[in-house]
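Just below is one structure, and these are the notes that go with it.
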Amino acid sequence: MTYCLGILLNDGLVMAADSRTNAGVDYISTFRKLNVFEKPGERVIALATAGNLATSQAVVSMLSERLGDPHGENGIMAADSMFAVAQIVGNTLRQVIGEHGEGVREEGGDPGSTFILGGQIDGRSPRLFLIYAAGNFIEATHETPFLQIGENKYGKPILDRTVSFDMSIDRAVKAALVSFDSTMRSNLSVGPPIDLITIQAGKQRVERHVVIEEDDPYFTALRQQYGAGIVSVFDGLPEPDISEWPKGPSC
């Protein structure tokens with residue numbers, strides 16, 4: 001399993017993905033799941049992937065081979081909008097699954113993959129999409145500014161409580177890393193290193209790209225303080241007076 005996250009902000013985008021791939025308890029490998037295509041100043045496109053690794057890698061490879069298609073039909077670096085890029089990625093994903101999906105299913109596997117697509121093209125606003133295995137997609141909005149794929153349930157509560165479209169990029173990075181910590185603590189199939197990028201609106205390039213290891217000083221301090229904070233808040237909550245609750249039906 002994996003965990004990938006994208007946050008849409010007024011100031012730009014934050015995207016992150018873990019690198020752990022689990023094919024059983026005795027086979028855990030590291031593969032990069034966050035890919036960036038950019039022409040600084042003109043466009044930046046980032047793809048985070050979850051699901052069948054062979055499918056995801058095939059889609060990324062096909063997109064890479066088709067860069068700069070002069071007709072814009074298949075080339076993400078020639079598309080005139082991020083919506084068009086989402087259509088290209090969705091069509092490519094559907095093509096790969098159409099070609100190989102039946103064989104994968106015959107072997108008992110699931111050929112499906114999902115993608116988070118984020119980026120900005122010069123003259124347009126940053127946009128963020130979640131692309132499903134069927135090739136269709138949804139888009140993040142000001143009201144729902146983050147998207148997740150993979151093992152998303154453990155990291156969602158902190159995002160629901162902290163993330164907003166108007167927050168700063170640095171604050172969104174903090175929320176993203178706490179979300180990853182919550183996921184890693186509850187699911188061993190998600191693990192470091194974490195690939196994280198920030199894209200500042202209007203610059204059309206990756207502003208920061210960091211690879212966060214297990215022993216990263218900031219990540220370690222964040223995990224410790226957040227964990228201690230949860231325990232402190234929990235300890236400060238009022239104890240229930242069960243004797244005052246109405247009795248339920250007898251068992």
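The values are calculated or read from the model by the stated rules, or taken from the named source; none is laboratory data. All values reported here derive from a predicted model rather than from experimental measurement. Cβ sites come from the backbone with ideal geometry, for glycine too, and all protein chains shown count toward neighbours.
Specify the residue that is modelled with the highest pLDDT; the eligible residues are those in region 55-71 that are surrounded by 13 or more Cβ atoms within 10 Å (Cβ to Cβ) and assigned to a loop (DSSP other than H, G, I, E, B).
The residue in question is 66.
Tell me which of these residue 176 doesn't satisfy, since it passes every other one: (1) part of a helix (DSSP H, G or I); (2) without any contact (Cβ under 8 Å) to a residue 12 or more places away in the chain.
Looking at each condition in turn, residue 176 falls short on (2).
Condition check: part of a strand (DSSP E or B) and among the charged types (D, E, K, R). Does residue 208 satisfy that?
So residue 208 passes the test.
As an exercise: evaluate residue 157 against (1) out of contact with any Leu (no Cβ under 9 Å at 6 or more places or on another chain); (2) in contact (Cβ under 8 Å) with a residue 12 or more places away in the chain; (3) outside any helix (DSSP H, G or I) and give the number of the one condition it does not meet.
(3)
Does any residue in region 196-225 that is on the phi < 0 side of the Ramachandran plot and touching a residue at least 40 places away in the same chain (Cβ under 8 Å) come within less than 8 Å, Cβ to Cβ, of a residue that is charged (D, E, K, R) and assigned to a helix (DSSP H, G or I) six or more places away or on a different chain, and which pairs are these?
Hits for this filter: 219/181; 222/174; 222/181; 223/181.
What number of residues within region 35-54 are surrounded by fewer than 23 Cβ atoms within 10 Å (Cβ to Cβ), farther than 16 Å from residue 3 by Cα and either under 18 Å from the mean Cα position of the chain (by Cα) or of a type in the set (Gly, Ala, Ser) (or both)?
Looking only at that region, the number is 4.
For region 197-211, enumerate the residues that are crowded, with 17+ Cβ neighbours inside 10 Å and farther than 16 Å from residue 7 by Cβ.
204
Just name the residue that is nearest to residue 224 (Cα to Cα) out of those in region 184-196 that are buried (at least 22 other Cβ atoms within 10 Å of the Cβ) and either acidic (Asp, Glu) or modelled with pLDDT under 90 (or both).
So, considering only residues that are buried (at least 22 other Cβ atoms within 10 Å of the Cβ) and either acidic (Asp, Glu) or modelled with pLDDT under 90 (or both), the one nearest to residue 224 (Cα to Cα) is 184.
Residue 139: among the acidic types (Asp, Glu) and crowded, with 18+ Cβ neighbours inside 10 Å, yes or no?
The answer is no for residue 139.
Go through region 88-99 and give me each residue that's buried (at least 16 other Cβ atoms within 10 Å of the Cβ) and of a type outside the set (Gly, Ala, Ser).
88, 89, 92, 93, 94, 96, 97
A quick yes/no check of all residues on (1) closer than 22 Å to residue 205 by Cβ; (2) touching a residue at least 40 places away in the same chain (Cβ under 8 Å); (3) not hydrophobic (A, V, I, L, M, F, W, C):
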site	(1), (2), (3)
67	yes, no, no
93	no, yes, no
110	no, yes, yes
124	yes, yes, yes
129	yes, yes, no
136	no, yes, yes
164	no, no, yes
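From the list 131, 138, 116, which residue is modelled with pLDDT of 95 or more, of a type in the set (Val, Ile, Thr) and touching a Cys at 6+ places or on another chain (Cβ under 9 Å)?
116
In region 99-122, which residues are of a type in the set (A, V, I, L, M, F, W, C) and either farther than 28 Å from residue 43 by Cβ or under 17 Å from the mean Cα position of the chain (by Cα) (or both)? Spell out how you get there, then give the answer.
Here is the first cut: in region 99-122, the residues of a type in the set (A, V, I, L, M, F, W, C) are 104, 115-117, 121.
104, 115, 116, 117, listed by residue number.
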